[in-house]
């Protein structure tokens, strides 16, 4: 773990903690050792506690008065509800992006997709999720809907961890890259209706993968 830079400090700390949860370094039920983290990250407790409040709002941390902070996870039903909502919202983003996309926009999306292909070949799930997040965020940016942005941004970080976990289902990693290939073709053809359908299906299949892992 490296020292945290002093810009957008609590957000950087929250990102670091998310990665620790994603990698399994922090697991459900673990107590957050504030003193230890402050020393390792070279930070004070104030930004750390701000970061913990952010993660609490995302359902990753449970704050217990006079006892401390503990890693927790939402129920599967809560996770499924998040994916159900995101499938609709990201579908709308994909449709609007396909309608508005310029040649330059598509080139940038294609470049991100090439990174996904590279991550898939290397079986690097962590980098795959990183570039997957960039891909979805760029599609959202292309949609250019401020109200939609506010809603989607609030959910994106919440489901990031579960996107990573969904790749652990046998065959899901391969299925995911194929879904992105299909999406890229829909964007290449500026097929807004198909882009929406594929994006909605892509999100739902992530939820289905999590359900299979839980059973």
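The values are calculated or read from the model by the stated rules, or taken from the named source; none is laboratory data. These numbers were taken from a predicted model, which means no experiment stands behind them. We place every Cβ from the backbone using ideal geometry, glycine too, and count neighbours over all the protein chains shown.
The single condition among (1) assigned to a helix (DSSP H, G or I); (2) touching a residue at least 60 places away in the same chain (Cβ under 8 Å) that residue 77 does not meet is (2).
Just need a number here: residues in segment 1-51 that are in a loop (DSSP other than H, G, I, E, B), modelled with pLDDT under 90 and loosely packed, with under 15 Cβ neighbours inside 10 Å.
Summing the residues that are in a loop (DSSP other than H, G, I, E, B), modelled with pLDDT under 90 and loosely packed, with under 15 Cβ neighbours inside 10 Å in segment 1-51 gives 12.
Checking segment 122-143 against the condition returns a match, with at least one residue being over 16 Å from the mean Cα position of the chain (by Cα), closer than 20 Å to residue 22 by Cα and assigned by TED's automatic domain parsing to the domain that holds residue 206. Scoring residue 46 on the criteria (1) farther than 25 Å from residue 168 by Cα; (2) in the same structural domain as residue 189 (by TED's automatic domain parsing) leaves a single failure, condition (2).
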